[in-house]
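Enquirer: Below is a structure I'd like to ask you about.
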Amino acid sequence: MRFYHSPQQDQPYTEGKCTVELGRILETSPKVARLLQAIFALNKDSLRRGITCRPCAGTQQASRMGYYDGQYKRIVICCDNIHSEKQLESTLVHELVHAFDRIRTGTFSTMCHLIACGEIRASALGQCHDIKSPQRKRECIWEDAIRSTAVHCGGRTTAEMYIRQVFDKCVQDRAPFNIAHGS
């Protein structure tokens, strides 16, 4: 999940505007295309209910920019927390990384290690990807991963422990971008 955390000057997207922009991104973004290709190669049903835009105000997802719902096999973009095309694309990439990680094999000693790794990867490949300064990029990934992991794994202190234990391994895991397109 990606949390909404910074006030923007622009108006939030409407559901209609979000849907139009989402369609354009699905057609033009090489990063999104690669993630979708890898996801569908592993499991054609993994996004059975698709990717949609909807307002999340008044729901449990109100503080999020988007989320991957593994139970219902869908990604939801919270349009009322999206303010730009860049935010929409980075949120979509973030959630697609979660969808990819959910269906690929891996070994972690606990569910919280798995969640921590997924949040690290989603931030590193999503919203923190374009940060040039290595220190600022690491801080972005670290803070985003802690914020999201804390929701599922007992708060900030516990989340920091899990993040610390898997950070170096997971921040370097670039799958599916380090896999040949034919595989």
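The values are calculated or read from the model by the stated rules, or taken from the named source; none is laboratory data. Worth saying up front: this structure is predicted, and the values here are computed from it rather than measured. FYI the Cβ positions are ideal-geometry reconstructions off the backbone, even for glycines, and counts take in every protein chain you see. We work out accessible area using only protein heavy atoms, side chains counted, and drop any ligands, DNA or RNA first. Shrake-Rupley method; radii C 1.70, N 1.55, O 1.52, S 1.80 Å.
Enquirer: In square angstrom, what is the accessible area per residue of the stretch 1-138 with a 1.4 angstrom probe?
Expert: 51 Å²
Enquirer: Given just the C-alpha atoms of the stretch 68-115, how large is their convex hull per residue in cubic angstrom?
Expert: Once divided by residue count, the hull of the stretch 68-115 is 87 Å³.
Enquirer: Indicate, rounded to the nearest 5 percent, the antiparallel portion of the DSSP beta bridges found entirely in the stretch 44-84.
Expert: Once the DSSP bridges in the stretch 44-84 are tallied, antiparallel ones form about 50 percent.
Enquirer: Set the Förster radius R0 to 30 Å, insert the Cβ-Cβ distance between E15 and K44 as r into 1/(1 + (r/R0)^6), and round the FRET efficiency to 0.05.
Expert: So the FRET efficiency works out to roughly 0.65.
Enquirer: I need the peptides 78-87, 140-149 ranked by packing, meaning the mean over residues of other C-beta atoms within 10 angstrom, with the highest value on top. Don't jump to the answer; show the numbers that get you there.
Expert: On the way: 78-87: 20.2, 140-149: 22.1.
By packing density, highest mean first, the sequence is 140-149, 78-87.
Enquirer: For the stretch 1-132, what is the percent of antiparallel DSSP beta bridges, rounded to the nearest 5?
Expert: Taking every DSSP beta bridge with both residues in the stretch 1-132, the antiparallel ones total about 60 percent.
Enquirer: Just in the stretch 48-89: which chymotrypsin sites (Phe, Trp or Tyr not before Pro) are loop by DSSP and have at most 16 other Cβ atoms within 10 Å?
Expert: Within the stretch 48-89, the qualifying chymotrypsin sites (Phe, Trp or Tyr not before Pro) (loop, at most 16 other Cβ atoms within 10 Å) are Y72.
Enquirer: Along the charge dipole of the stretch 15-82, pointing to its positive end and built from +1/-1 on Cβ of Lys, Arg, Asp and Glu, which listed residue (S63, C78, A33) has its Cα farthest out?
Expert: A33
Enquirer: In square angstrom, rounded to the nearest 10, how much accessible surface does T157 have for a 1.4 Å probe?
Expert: 120 Å²
Enquirer: With the Cα gyration tensor of the stretch 16-75 giving a ≥ b ≥ c as the square roots of its eigenvalues, does the rule (a/c under 1.5 for rounded; else a/b larger than b/c for prolate; else oblate) give rounded, prolate or oblate? The partial results should precede the final answer.
Expert: Values: a/c = 2.43, a/b = 1.30, b/c = 1.86.
Oblate shape, in that a/c is at least 1.5 and b/c is the bigger or equal ratio.
Enquirer: Rounded to the nearest 500, what is the 222 nm mean residue ellipticity of the chain from helices alone, with -39500 (n - 2.57) per DSSP H run of 4+ residues and division by all residues?
Expert: Calculated at 222 nm, the ellipticity per residue is -17500 deg cm²/dmol.
Enquirer: Measure up K73/K137; K73/K132; K86/K169; K31/K137; K137/K169 against 24 Å on the Cα-Cα distance and list the ones that go over.
Expert: K73/K137; K73/K132; K86/K169
Enquirer: What's the magnitude of the charge dipole for the chain around its Cα centre, counting Lys and Arg as +1 and Asp and Glu as -1 at the beta-carbon? Answer in Debye, nearest 20.
Expert: 340 debye
Enquirer: Could you work out what % of the accessible surface of the chain is carbon and sulfur, using a 1.4 angstrom probe and leaving DNA, RNA and ligands out of the count?
Expert: On the way: 4900 of 9520 Å².
Its accessible area is 51 percent carbon and sulfur atoms.
Enquirer: Can you give the alpha-carbon Rg of the stretch 51-151 over 2.2 N^0.38 Å, where N counts its residues?
Expert: 1.06
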